[in-house]
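Colleague: Can you keep this structure in mind? I'll have questions shortly.
The values are calculated or read from the model by the stated rules, or taken from the named source; none is laboratory data. These numbers come from a predicted model, not from an experiment. All Cβ positions, even for glycine, are placed from backbone atoms using ideal geometry, and neighbour counts span all protein chains on display. With ligands, DNA and RNA removed, areas are computed over all heavy atoms of the protein, side chains included. Shrake-Rupley method; radii C 1.70, N 1.55, O 1.52, S 1.80 Å.
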Amino acid sequence: TLAQTIDSRLKLSDGSRGVVAVSGGADSVALLLGLVELARSRRWKLVVAHLEHGIRGDESVSDAEFVAALAEHLHLKHLSRSVDVPSLAESRKLSVESAARQARYDFLTHAARGSSGSGLLGEKRDVRVWLSWLERRAHGDVEAIETPIGHIPLYEDLQALFASEIDKEYPIDLYDRQ
């Protein structure tokens, strides 16, 4: 069940606050509705976040409008942003997929920190690496080590992500300390 998955993987405590990324597609809407049900009994404070990537024209604008209306219907705070990902990709010399990923990380981290300020809201750039690892883990692209407190990344995966995402070295001693 969703509750068992949340309990085993995320270990959210009662009263937790969370940002739910909702694309407007069936999967993310179903996840949001399930989380809303769980939130009632667990006193979670959910915020709906939607990033319009500027790739699919009117169709993606319709998705953004749908997500906003859904959040309002559910009495949830809603945050949205539009980003011209193709222009971002061109200016940063990235693929459209990489630029979209960076835009999502920036936006979701911004939303998670309360939506004030810009960029990563003073959070260390390392957050981008951890979000990237979580996305890859969710898609089964990276492995994890099971520990008594949850799953942790393999050092080699983090080392590669630190290099590719933020051009930073990630020494083994830092991994061991964390």
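Colleague: Going by the conditions given, is Gly34 loosely packed, with under 15 Cβ neighbours inside 10 Å and closer than 19 Å to Ala138 by Cα?
Modeller: On the way: loosely packed, with under 15 Cβ neighbours inside 10 Å: no; closer than 19 Å to Ala138 by Cα: yes.
Against the criterion (loosely packed, with under 15 Cβ neighbours inside 10 Å and closer than 19 Å to Ala138 by Cα), Gly34 does not qualify.
Colleague: Same structure, new question: Consider Glu169 carefully, then state whether it is at pLDDT 80 or above, assigned to a loop (DSSP other than H, G, I, E, B) and surrounded by fewer than 13 Cβ atoms within 10 Å (Cβ to Cβ). Full working, then the answer.
Modeller: Details: at pLDDT 80 or above: yes; assigned to a loop (DSSP other than H, G, I, E, B): yes; surrounded by fewer than 13 Cβ atoms within 10 Å (Cβ to Cβ): yes.
For Glu169, the condition - at pLDDT 80 or above, assigned to a loop (DSSP other than H, G, I, E, B) and surrounded by fewer than 13 Cβ atoms within 10 Å (Cβ to Cβ) - is met.
Colleague: Here is a further query. Within region 120-135, identify whether any single residue is open to solvent by less than 80 Å² (accessible area, probe 1.4 Å) and modelled with pLDDT of 85 or more, and answer yes or no.
Modeller: no
Colleague: Can you run down the residue pairs with Cβ atoms below 7 Å, 6 or more apart or on separate chains, where the first is in region 1-26 and more than 26 Å from Glu65 (Cβ to Cβ) and the partner is open to solvent by 70 Å² or more (accessible area, probe 1.4 Å) and charged (D, E, K, R)?
Modeller: Asp14/Arg43; Gly15/Arg43
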